[in-house]
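One structure is given below, encoded as structure tokens.
Computed from the coordinates by the stated procedures, all read-outs in this text should not be read as laboratory data. This is a predicted model, so every value here is computed, not measured. Ideal geometry is used to build each Cβ from the backbone, glycine not excepted, and the neighbour counts take in all protein chains shown.
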Amino acid sequence: MSKFIPNTLSIAGVDPSGGAGVLADIKAMSAVGAYGTGVITALTAQSTQGVMGIYPIDLAFIKQQIDVLFDDVRIDAVKIGMLGQEPVIYTVVDCLSRRQPQHVVVDPVMVAKSGDHLLEKAATAAMREAMMPLATIITPNLPEAGVLLDMRPAETIKEMYGVAEKLRRLLSDQDERWVFLKGGHLPGSECTDLLYNGDQMIEMPAHRIQTKNTHGTGCTLSAALAGLLPQTENTPQAAKIAKEYLYKAIARSGDLAVGSGHGPVNHFHHWWKPTNA
Ligand SMILES: Nc1ncnc2c1ncn2[C@@H]1O[C@H](COP(=O)(O)OP(=O)(O)OP(=O)(O)O)[C@@H](O)[C@H]1O
Ligand SMILES: [Mg+2]
């Protein structure tokens, strides 16, 4: 069988500052060795300071973007990011159920690092009931997990175990469906993530890097996962590499000088060397 570079697709919004959304996803996919494509669900007016405006894309045009792309390009993995509104969720669910890509990473984006809401409250049920069953892996942060399960966000690793078990029940009961529960919002000096498939519970510990450059960490992680899943033996291996890649990208964010708020991570830390700009 011939070997190809995997083709990956980000379905998400655009952050013009390039730290999050489709622009960041394409960087992360490229950095982990995958070809990146993108379907835009919304434009935003956004910087490292926050989200100042959201301009939704017409539903029929979202559908057309997905259909035109899939009609031509073999897509090995999809990453779903910001969808914004309930009808967008149903449109994307409808398209993907017809196409059945092998890997579907769902990042249930609800609130930006800046605290801005990125998903209408009414859309939570659609996310839970229509999107989750399509996912092969979901990557909620702790507040998002709380909203999806209608409970207070977990504050300890022990509580995270219970949350991961409850989240797994929202996914299809087929094998190889995973919950990647992100611990970036845990209080304290650790940001341990959990990976759970209903059988194996894997703790992925990490030391919290002291930096304010955490804009787009979630986008970067889920896009790296989409890029790595077609290239690895199994999901725990892809998750481990994605987390290490992100950790270094956060650690090397200080090489960049982008904006004065929550700056982006350094997606290309493998290759780029800072010079005197
Ligand atoms: N300061 C940090 N140091 C090390 N790892 C971090 C740090 N902040 C977040 N992470 C890791 O980054 C990943 C993203 O987690 P986080 O909980 O920040 O996601 P998120 O809230 O969805 O991010 P975003 O706001 O970009 O959507 C997780 O693997 C988390 O453990
Ligand atoms: Mg996020």
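Tabulated data for the structure shown
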{"quantity": "Radius, Kirkwood style, for the range 1-122 when every pair of distinct Cα atoms is counted (Å)", "calculated": "14.7 Å"}
{"quantity": "Gain in span if fully extended, Lys212 to Leu59, counting 0.36 nm per residue against the direct Cα distance", "calculated": "51.6 nm"}
{"quantity": "Ranked by how many other beta carbons lie within 10 Å on average, peptides 240-247, 123-130, 96-103, 4-11 from highest", "calculated": "4-11, 240-247, 123-130, 96-103"}
{"quantity": "Burial ranking of peptide ranges 161-168, 199-206 (average Cβ count within 10 Å, highest at the top)", "calculated": "161-168, 199-206"}
{"quantity": "Relative exposure of Leu119, Leu181, Leu59, judged by other C-beta atoms within 10 Å (fewest first)", "calculated": "Leu59, Leu119, Leu181"}
{"quantity": "Magnitude of the charge dipole, the range 7-255, Cβ model with Lys/Arg +1 and Asp/Glu -1, debye to 20", "calculated": "440 debye"}
{"quantity": "Calculated from backbone phi, Karplus (6.51, -1.76, 1.60) coupling profile of the range 10-26 in Hz, x at Gly/Pro", "calculated": "9, 10, 6, x, 9, 9, x, 7, x, x, 9, x, 4, 4, 5, 4, 5"}
{"quantity": "Value of relative contact order over the range 106-149, rounded to a whole percent, pairs C-alpha under 8 Å and six or more apart", "calculated": "51 percent"}
{"quantity": "Size-normalised alpha-carbon gyration radius of the range 149-241, reference 2.2 N^0.38 Å", "calculated": "1.10"}
{"quantity": "Per-pair calculated FRET efficiency, R0 = 22 Å: Lys166 and Glu120 via Cβ, rounded to 0.05", "calculated": "0.45"}
{"quantity": "In Hz, Karplus ³J(HN,Hα) per residue of the range 70-85 (6.51, -1.76, 1.60; θ = phi - 60°; x = Gly, Pro)", "calculated": "5, 5, 10, 10, 6, 9, 8, 8, 10, 10, 9, x, 5, 10, x, 10"}
{"quantity": "The chain, relative contact order in percent, only Cα pairs under 8 angstrom and at least six apart counted", "calculated": "19 percent"}
{"quantity": "Across Lys3/Lys248; Lys27/Lys248; Lys212/Lys248; Lys79/Lys182; Lys27/Lys240; Lys63/Lys182, pairs whose alpha-carbon gap is larger than 23 Å", "calculated": "Lys3/Lys248; Lys63/Lys182"}
{"quantity": "Dipole axis of the range 7-255 (+1 Lys, Arg; -1 Asp, Glu on Cβ), positive-most option in Ala34, Leu148, His185", "calculated": "His185"}
{"quantity": "All-pairs alpha carbon distance profile, the range 7-255, 5 Å steps from 0, percent", "calculated": "1, 7, 15, 20, 22, 19, 11, 4, 1, 0"}
{"quantity": "Net +/- balance of residues flanking Thr8 in space, Cβ distance below 9 Å, scoring K and R +1, D and E -1", "calculated": "-1"}
{"quantity": "Glu155/Asn234 FRET efficiency (R0 35 Å; Cβ-Cβ; nearest 0.05)", "calculated": "0.70"}
